[in-house]
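The values are calculated or read from the model by the stated rules, or taken from the named source; none is laboratory data. If you're wondering where the values come from, they're calculated on a predicted model, not measured in any experiment. Neighbour counts are summed over all protein chains in view; Cβ atoms, including those assigned to glycine, are modelled from backbone coordinates with ideal geometry.
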Amino acid sequence: METDRLKTLEKKIYQSYFSDGFWDIFLGQFFLFMGIRTLVDNVWFTLFALSAIPIFILGKWFITIPRLGMVKFGEVRKSRQRKLIGFILVAVIATSCLLFISLTGYSFPALVTGIFLGAGITIVFLLMAYFMDFTRLYFYAFIFGISFSLNEIFWGNPIGPLAFILAGASVLVIGLMLLVRFWMTYRLPQSESF
């Protein structure tokens, strides 16, 4: 009984690290700027997309950790994270193989590629959501999967990049709203004066 309560408490604490909205901001910003980059064909927007990485790291370090603290999680949680890393590695290898096949000159019809790419992206994000206990990511998995499908099916047409932009902007707005709520809910601890 005590073990179940500890597992529930650990899961709740772990999930509280997603309440700051930084994962949402990271994913939203990345997809938004990659969509804009594809639409206007300007490499600078790739840098804006990649700037999501330091924003995520610095936000967690300077906003989340001072308010929630640092926690060392149990072996079960660490095992889930190792499985996630392993799965992502397999997904990267599979994607690299598909990229290699496309570089050899063999190509699939855009509809087939779009469906498989969208399904693959959806599955990757669904598994990430499961291993991370990140419930909003289940919803984002479908948004991003549909975006990838539309982008591939309508390659060269503004519909594809606009799907990325819409998905990214939606997730970014959700993340910013969560960040404001987090900021208002979790105040910095007041230092004691002597």
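Observations on the model:
- Residues that are β-branched (Val, Ile, Thr) and surrounded by fewer than 20 Cβ atoms within 10 Å (Cβ to Cβ), drawn from the range 144-164: Ile146, Ile159
- Residue selected from the range 126-168 under the condition aromatic (Phe, Trp, Tyr), within 23 Å of Phe108 (Cβ to Cβ) and part of a helix (DSSP H, G or I), by the criterion modelled with the highest pLDDT: Phe142
- Check on Leu68, at pLDDT 70 or above and surrounded by 10 or more Cβ atoms within 10 Å (Cβ to Cβ): yes
Residue by residue, here is whether (1) touching a residue at least 24 places away in the same chain (Cβ under 8 Å); (2) loosely packed, with under 12 Cβ neighbours inside 10 Å; (3) on the phi > 0 side of the Ramachandran plot holds:
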| position | (1), (2), (3) |
| --- | --- |
| Val40 | no, yes, no |
| Phe45 | no, no, no |
| Lys60 | yes, no, no |
| Thr64 | yes, no, no |
